[in-house]
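Encoded as structure tokens, the structure appears first; notes follow it.
The values are calculated or read from the model by the stated rules, or taken from the named source; none is laboratory data. In this text the structure is predicted, and so the values were computed from the model without any measurement. Backbone-built Cβ (ideal geometry, glycine too); neighbour counts: all protein chains shown. These accessible areas exclude ligands, DNA and RNA; they are computed on the full protein's heavy atoms, side chains included. Shrake-Rupley method; radii C 1.70, N 1.55, O 1.52, S 1.80 Å.
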Amino acid sequence: KATVSVLNCGRLGCLWAPRPIYKQTMLVRGVFGRAVARPAARWCSGPAHDAALGRQILAQDAFEVLAAPRSFAMGEKAVRGKYRELQMMFHPDRVTGEAEDVKDLYLEVSAKCNTSYDELLDPYKRGCLLLKLETGGDIHDEERALELMEKLDEAFLEEVMEMKMAIADADDSAQLLSFRAKAESVYQTYLDKLAGAFAAAAHEEAELLLLKANYYRKMLEELRDLLPPE
């Protein structure tokens, strides 16, 4: 029975090897016990190549960084895999012996990968990013937020105000937990509707949904601060 082992690989055999490794080699031992070295299917790049890729990554948006389709309904599994691959490639420990500018670049790229991962895995942040990329709109822009608030129906605003007052008057954790469950449910409802809005290129609807979701997102942050650590 043939056995396979991986040798001299900066990414697989020694994930955080400080020295640059450029080629992945496989040692294949066949049925006659003869060892034959063969190049593996995947090549490992060194700091020089990775630095060029790193500068490219710094100029990309989160979807480009993690090779994800520019869509609200994107697959998270592929994003997680690409994220792990880039973090292995640009882990600062790989360039401990390199020049300071290379070390700084790896730190920047690693931080950019973290930010991109956070943006894409959080549906709310993903929606905000997608809206900005497709329309240039930003609900966190004060002027734009005021314009959108004028389009919110009174029933929604009254509901939010009543919830906030009830949270402020809550006597115990049980009440706060009940409010949190309700806020989470409403928040998720708006996020679920976002997929349809983006699929239909209904950007104004998506803006309003994100704005409404943001009210409940802030409410959940407030409740997290009020509740004891779990």
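Quick rundown of the values:
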| read-out | value |
| --- | --- |
| Filter result for Y106 (in contact with a helix residue (DSSP H, G or I) (Cβ under 9 Å, 6 or more places away or on another chain), surrounded by 15 or more Cβ atoms within 10 Å (Cβ to Cβ), within 21 Å of A59 (Cβ to Cβ) and among the aromatic types (F, W, Y)) | yes |
| Flag for R94 being at pLDDT below 95, out of contact with any strand residue (DSSP E or B) (no Cβ under 8 Å at 6 or more places or on another chain), buried (at least 20 other Cβ atoms within 10 Å of the Cβ) and assigned to a helix (DSSP H, G or I) | yes |
| Any pair with Cβ under 8 angstrom, 6 or more apart, that starts in region 71-97 at a residue that is charged (D, E, K, R) and ends at one that is open to solvent by less than 60 Å² (accessible area, probe 1.4 Å) and not in a helix (DSSP H, G or I) | K82/L66; K82/A68; R94/G10; R94/A17; R94/P20 |
| Lone qualifier among L194, L220, L148 - being in a helix (DSSP H, G or I) and open to solvent by 20 Å² or more (accessible area, probe 1.4 Å) | L220 |
| Neighbours by Cβ (under 6 Å, 6+ apart or cross-chain): first from region 173-187, of a type in the set (S, T, Y); second in a helix (DSSP H, G or I) | Y187/A213; Y187/Y216 |
| Failed item, numbered, when N114 is tested on (1) open to solvent by less than 40 Å² (accessible area, probe 1.4 Å); (2) without any contact (Cβ under 8 Å) to a residue 60 or more places away in the chain; (3) under 23 Å from L191 (Cα atoms) | (1) |
| Pairs, first farther than 13 Å from A73 by Cα in region 191-215, second basic (K, R) and open to solvent by 40 Å² or more (accessible area, probe 1.4 Å), C-beta under 7 Å, six or more apart | L208/K151; L209/K193 |
| Matching entry among E143, E221 (being at pLDDT 95 or above and of a type in the set (D, E)) | E221 |
